[in-house]
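In what follows, a structure is listed as structure tokens, so that the remarks can point back to it.
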Amino acid sequence: MTLGALAATGQGHHRGGVGVALPNVSRAPYAGYFGPDADTAKMLEQMLTDPSSGMDAPAAILVETVQGEGGLNVASAQWLRRVAALARKHGALLIVDDIQAGCGRTGPFFSFEDTGVIPDIVTLAKSLSGFGLPLAVTLMKPELDAWKPGEHNGTFRGNGHAFVTAAAALEKFWRDPEFENSLRERGRYLDRRLNDIADKHEEDELTVKGRGMIRGIDVGDGDLASEIVAAAFERGRVIETSGGNGEVVKVLAPLNIGESDFRRGLDILAEAVAEVLGSQTAVAAE
Ligand SMILES: Cc1ncc(COP(=O)(O)O)c(C=O)c1O
């Protein structure tokens, strides 16, 4: 690796496998990649410290706190703190890709707030514009901001409407501390409902993944997950999958979803899982 970035975001594992070449990027195993007993932060430290490891000093370490497309894998606060310390020690910037896990998805506005980690750069998008207009921003420490206002311009830069809707969404939801409390409450409800589904199908060894309002169920098989998604669609619910093989049925409900819609949406998910896994059991029993 030449002076580049070191990524642990799972974006490279997007299903379909078609991607744009990203030269000068080394990928490192995420928290828990080799199971709970293998310390991937330590592996990274070893690779960065050992001149013969094949990994050059990175300009930046780029990480998601919860891998969105990578299968809703959650990095512990301790793992993130250790990666942040490694970045500091090796003179690399710490970039948190909070495009999917940020803007309240995990509870607080930034997904890393409860960890004590302070990244040098944070990327945000998705829920940011709030009302359906796409917007992405890159936040950086002032000392890293080399551009003067208006210097980084081009035809497709910042959409005026999206700036207005994003500002309105931030004002409306984030000025009121009650919103963050409501997110944590919704997250707890979601956790209960997903664990209920997993418990009900104990023999299928489902794993509940993610945290806060970025959650899902790992059903262990991409085809099965697709069938569940299709069964939910038949009942009027749109959901997606994630994970290296699309094996995780994702639940990314709107952060401000009303109680009855949320309950109904999760009822539909439970019905879809029961329909698909029920028929699986029937096939296996034949
Ligand atoms: C965490 C994360 N980073 C980056 C991206 C890429 O965003 P874009 O499609 O705007 O390039 C995505 C899209 O799903 C994402 O989830």
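Each value in this text was obtained by applying a stated rule to the coordinates, not by laboratory testing. Remember, it's a predicted structure, so these values are computed and weren't measured experimentally. FYI the Cβ positions are ideal-geometry reconstructions off the backbone, even for glycines, and counts take in every protein chain you see.
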May I ask you to compute the full-extension gain from residue 26 to residue 182, defined as 0.36 nm times their residue separation minus their alpha-carbon distance, rounded to one decimal in nm?
52.3 nm
Between residue 114 and residue 57, what FRET efficiency comes out of the Förster formula 1/(1 + (r/R0)^6) with R0 = 30 Å and r the beta carbon distance, rounded to 0.05?
0.50
I need to check one value: relative contact order of the stretch 124-173, counting alpha carbon pairs closer than 8 Å and at least 6 residues apart, in percent.
51 percent
Ordering 64-73, 86-95, 160-169 by per-residue average of other C-beta atoms within 10 angstrom, highest first, gives 64-73, 86-95, 160-169
Would you mind checking 126/250; 89/141; 148/172 for any pair whose Cα atoms are more than 22 angstrom apart?
148/172
Amide proton proximity set for residue 55, modelled H, under 5 Å, gap of 5+
none
Of all DSSP beta bridges in the chain, what percent run antiparallel (nearest 5)?
55 percent
Span-rule helices in the chain, defined as complete DSSP H runs reaching 27 Å or more along the axis (Cα) with Kyte mean at least -0.5
259-285
Relative contact order for the stretch 87-199: what percent, with Cα pairs under 8 Å and sequence separation of 6 or more?
24 percent
If packing is taken as the average number of other Cβ atoms within 10 Å across a peptide's residues, how do 261-271, 45-55 rank, most packed first?
261-271, 45-55
Using per-residue counts of other Cβ atoms within 10 Å, averaged over each peptide, order 252-260, 227-235 from highest down.
227-235, 252-260
Sites residue 200 and residue 175, calculated FRET efficiency, Cβ-Cβ separation with R0 35 Å, nearest 0.05:
0.30
Describe numerically, in nm with one decimal, the distance between label points set 7 Å from Cα along Cα→Cβ at residue 192 and at residue 238.
2.9 nm
Can you quote the Å³ per residue value for the convex hull of the Cα atoms in the chain, rounded to an integer?
162 Å³
